[in-house]
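The values are calculated or read from the model by the stated rules, or taken from the named source; none is laboratory data. Everything numeric in this text was worked out from a predicted model, so none of it was measured. For neighbour counting, all protein chains shown are included, and Cβ atoms are generated from backbone atoms with ideal geometry for every residue, glycine included.
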Amino acid sequence: MKIHVAKLDKTFEVKPTNKVIRSVYQFQYDASKLSSITDTTNIEAYVNAIKLIDLIENFLTQTLCLSKAEAKKLDEDFEQDDISEMANYVCGRLLGMSDEDIKGNKPKGTDPKK
C-alpha cells in the first residue's frame, strides 16, 4: 500500500501485514491510555507527555521504515501536532480509510452502510 505523507513530502510502500496492523492497534491503544490518564501528579503528567511523543515518533519510524535522518527530522523539524497528524493519517490509511475518509470529506451520495 502506498502512503503519501505530505509533511515529509514522501510516499512510502507499507505492506499491511498482521504485524503492521497489530502495531497500529497497539499504538492506538497505548496512545489512548497515555492521553486519558487524568489522575496524576504534574511530574507523572510530564513523563506521560514525553512517553506519548516517543511513542508517536517510534510508531512512524518503524511503520514507515524511516532512515535515521528522517526520524531525526520528526524530532527536530515538526511540532507535536504535526507528528500526531502524521501518525493518525498513517493509521487511518493502514486500516483501509481513503484520504477523503480521513479528511472527513466523504464523497456525496456515498451510502454510510457500505
Exercise for review: Examine region 29-38 for a residue that is touching a strand residue (DSSP E or B) at 6+ places or on another chain (Cβ under 7 Å) and in contact (Cβ under 8 Å) with a residue 12 or more places away in the chain, and state whether such a residue exists.
Suggested key: no
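Please pick out the residue among 57, 70 that is free of Cβ contacts under 8 Å to residues at least 60 places away in the same chain, of a type in the set (Asp, Glu), touching a helix residue (DSSP H, G or I) at 6+ places or on another chain (Cβ under 8 Å) and under 23 Å from residue 13 (Cβ atoms).
Details: 70 fails: free of Cβ contacts under 8 Å to residues at least 60 places away in the same chain.
After applying the criteria, what remains is 57.
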Exercise for review: Please find, within region 1-27, the residue that is surrounded by the most Cβ atoms within 10 Å (Cβ to Cβ) out of those that are more than 19 Å from residue 83 (Cβ to Cβ) and among the basic types (Lys, Arg).
Suggested key: 22
Point to revise | Residues within region 73-96 that are outside any helix (DSSP H, G or I) and either closer than 14 Å to residue 10 by Cβ or in contact (Cβ under 8 Å) with a residue 60 or more places away in the chain (or both), tallied | key: 2
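Being within 20 Å of residue 4 (Cα to Cα) and surrounded by fewer than 16 Cβ atoms within 10 Å (Cβ to Cβ) narrows it down to one of 54, 77, 39, so name that one. Spell out the reasoning first.
Numbers: 54 fails: within 20 Å of residue 4 (Cα to Cα); 39 fails: within 20 Å of residue 4 (Cα to Cα).
Of 54, 77, 39, the one residue that is within 20 Å of residue 4 (Cα to Cα) and surrounded by fewer than 16 Cβ atoms within 10 Å (Cβ to Cβ) is 77.
Say whether the condition of being assigned to a helix (DSSP H, G or I), out of contact with any strand residue (DSSP E or B) (no Cβ under 8 Å at 6 or more places or on another chain), modelled with pLDDT of 95 or more and charged (D, E, K, R) is met by at least one residue in region 98-108. Walk me through it before giving the result.
Narrowing region 98-108 to residues assigned to a helix (DSSP H, G or I): 99-103.
Narrowing the set further to residues that are out of contact with any strand residue (DSSP E or B) (no Cβ under 8 Å at 6 or more places or on another chain) leaves 99-103.
If we keep only those that are modelled with pLDDT of 95 or more as well, we get none.
There is no residue in region 98-108 that is assigned to a helix (DSSP H, G or I), out of contact with any strand residue (DSSP E or B) (no Cβ under 8 Å at 6 or more places or on another chain), modelled with pLDDT of 95 or more and charged (D, E, K, R).
Would you point out the residue of region 24-46, among those that are assigned to a helix (DSSP H, G or I) and among the hydrophobic types (A, V, I, L, M, F, W, C), that is farthest from residue 14 (Cα to Cα)?
Taking region 24-46 and keeping what is assigned to a helix (DSSP H, G or I), we get 24-36, 42-46.
If we keep only those that are among the hydrophobic types (A, V, I, L, M, F, W, C) as well, we get 24, 27, 31, 34, 43, 45.
On the way: 24: 12, 27: 16, 31: 21, 34: 26, 43: 37, 45: 33 Å.
Checked region 24-46; the qualifying residue farthest from residue 14 (Cα to Cα) is 43.
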